[in-house]
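Please read the structure below before turning to the comments.
Read-outs throughout are calculated quantities, based only on the coordinates presented, and are distinct from any laboratory measurement. Model, not experiment: these values are computed from the prediction. Heads up, the Cβs are rebuilt from the backbone with ideal geometry, glycines too, and the neighbour counts pull from every protein chain shown.
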Amino acid sequence: MRTGTVYTETVIHLAAEAFASEVPFQTAIVALDGGGRVTGRILGDRVTIGDRVAEVEVRNGVPFFRKAQTV
Amino acid sequence: MRPVAVVGVGKTPFGAFPDLDIRSLAVQAGERCLANAHLQPSLIESFYLGNFAGPAFVGQNHLAPYVSTALGIQGVPATRVEAACASSGSAFFHAWTEVAAGVYDLVMVVGVEKMTSQPTARVTEILASAGDLTGEIRAGSTFASLFAMIARRHMYVFGTKREHLAAVAVKNHAAGALNPDAHMRKPITLEQALAGKPIADPLNLYDCSLISDGAAAVILAPLERASELTDKPVRVLGIGQASDYVALDQKEDITTFPAVCRAASTAYRMAGVTPEEIEFAELHDCFTIAEIIASEDLGFVKRGCGGPYAMEGHSSLTGGRPINASGGLKSKGHPVGATGVGQIYDLVQQIRGEAGPRQVARHSLGLAENLGGSGATCVVSILGAA
């Protein structure tokens with residue numbers, strides 16, 4: 001699974017129709033370790049810029065990330 | 001290239017008008033514009049319509065001839081331009097190219113949007129279609145959330161504060177309260193602006209522009225013919241349109257809009273003026289952070305200093321360089337497809353000295369910046385007394 005660093009993020013409180021039942025939820029642009037950036041969803045703990053994240057699944061083409069456990 | 005002038009302007013108020021459909025709005029603005037220029041519709045040689053999402057908001061397509069024929073403009077080219085929130089700015093740019101190139105003399109541009117007939121969640125979805133549906137939007141992004149992520153990064157890199165965003169909202173509401181055509185004529189306090197309902201952190205309701213109905217219109221002509229049409233011609237001194245990625249995550253640095261920088265550079269060069277010389281401006285404050293970044297990208301302040309610039313009052317109605325004396329998209333309203341031409345209307349009113357209680361002190365050289373999406377299209381226009 002891909003890993004990366006949070007480039008920017010937000011918590012959405014007012015969503016489009018298709019996502020209205022899921023608010024509030026967090027989205028982020030993640031700078032991937034392999035290069036490039038991707039917009040995905042954050043599961044679990046909220047993240048801030050600079051946090052390390054790991055991809056946990058891809059649903060309908062959308063990557064879902066979780067804050068990486070720091071050792 | 002021929003010098004070009006604005007010889008007539010007209011608009012509807014911006015707001016929620018349940019009794020006016022999209023064509024009625026566009027026709028109202030167009031008729032006021034024709035009257036302002038003392039022109040019969042039969043004299044218009046080419047017609048442009050700026051509109052973002054008429055087909056999605058109201059189901060109507062083929063909008064350019066739908067509107068032009070209702071105005072009594074028959075047989076001429078009638079072209080719709082779509083570039084998200086920069087739709088009518090782009091229509092204005094293309095109308096300008098036709099007149100400047102000598103293809104036509106009298107070209108009319110109408111911008112229109114009818115948004116309030118849809119519930120907010122549906123409006124949010126339609127607006128999101130100006131983003132990348134295969135990536136950011138599929139992840140649940142809204143336009144507010146894209147600008148929220150821009151704001152977060154700007155805060156992280158430059159130390160911009162939540163209060164700076166609120167200061168833009170307070171300033172624009174104060175100006176809009178003086179504008180009889182504004183959607184929300186209500187001054188707000190800094191405390192109110194900080195305590196709005198959360199939309200997408202760090203943006204709250206008061207950081208977001210309004211969902212509005214409205215239309216605006218202008219007529220362009222070669223400068224050499226302007227004096228026979230109006231006592232108060234306003235010259236288009238410089239104009240530029242530029243483009244960039246649609247998806248925010250493809251941009252190298254989201255704290256700046258390269259399309260704004262590029263469009264501005266073209267417009268400044270054509271006009272032969274520097275950013276310091278611009279006396280007042282209408283900037284695309286779809287979200288408060290967008291005005292802050294535009295003031296930096298246009299060279300009014302150094303990068304990262306746009307927040308303090310607004311907070312310290314430099315861009316207020318009585319400041320050194322008023323920004324959004326009309327109230328901006330924030331208070332005047334943001335009928336998406338009407339916004340670009342609406343900004344031109346506001347510049348023309350100021351330059352003619354017809355802006356009433358919100359008239360700025362120095363008003364011979366103004367700039368309008370119209371942004372589409374999260375920066376994929378930008379049109380910058382510089383207008384001055386002819």
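Structure data summary
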| read-out | value |
| --- | --- |
| Over region B:266-375, relative contact order from alpha-carbon pairs under 8 Å, at least 6 apart, % | 34 percent |
| Gaussian network model of chain B, Cα within-10 Å springs - most flexible of B:GLU98, B:GLU277, B:GLU113 | B:GLU277 |
| Residue-averaged beta-carbon neighbours from other chains (10 angstrom radius) around A:2-13 | 6 |
| Shielding of B:182-195 by partner chains, average beta-carbon count, 10 Å | 0 |
| Residues with amide H under 5 Å from that of B:GLY8, placed H, sequence gap 5 or more | B:ILE219 |
| Helix B:87-100 vs. chain B, principal-axis angle (Cα, 0 to 90°, nearest 10) | 40 degrees |
| Phi to ³J(HN,Hα) by Karplus 6.51 cos²θ - 1.76 cosθ + 1.60 over region B:244-256, Hz, x for Gly, Pro | 7, 4, 6, 7, 4, 6, 8, 7, 4, 9, 8, 8, 9 |
| Set B:LYS114/B:LYS330; B:LYS171/B:LYS330; B:LYS11/B:LYS332; B:LYS161/B:LYS332 screened for pairs whose C-alpha atoms are more than 20 Å apart | B:LYS161/B:LYS332 |
| Distant-in-sequence amide H partners of A:PHE65 (H built 1.01 Å from N, under 5 Å) | A:ARG41, A:ILE42, A:LEU43, A:VAL56 |
| Whole-number percent relative contact order across chain B, with pairs defined as alpha carbons under 8 Å at least 6 apart | 26 percent |
| Under Karplus coefficients 6.51, -1.76 and 1.60, residue-wise ³J(HN,Hα) of region B:130-146 in Hz, glycine/proline x | 7, x, 8, 5, 8, x, 4, 6, 5, 7, x, 5, 10, 5, 4, 6, 5 |
| Beta bridges by DSSP in chain B, antiparallel share as percent, to the nearest 5 | 70 percent |
| Simple spin-label estimate for B:ARG362 and B:LEU133 in nanometres, 7 Å along Cα-Cβ | 4.7 nm |
| Highest-MSF residue in chain B out of B:TYR268, B:TYR156, B:TYR309 [GNM, Cα springs under 10 Å] | B:TYR156 |
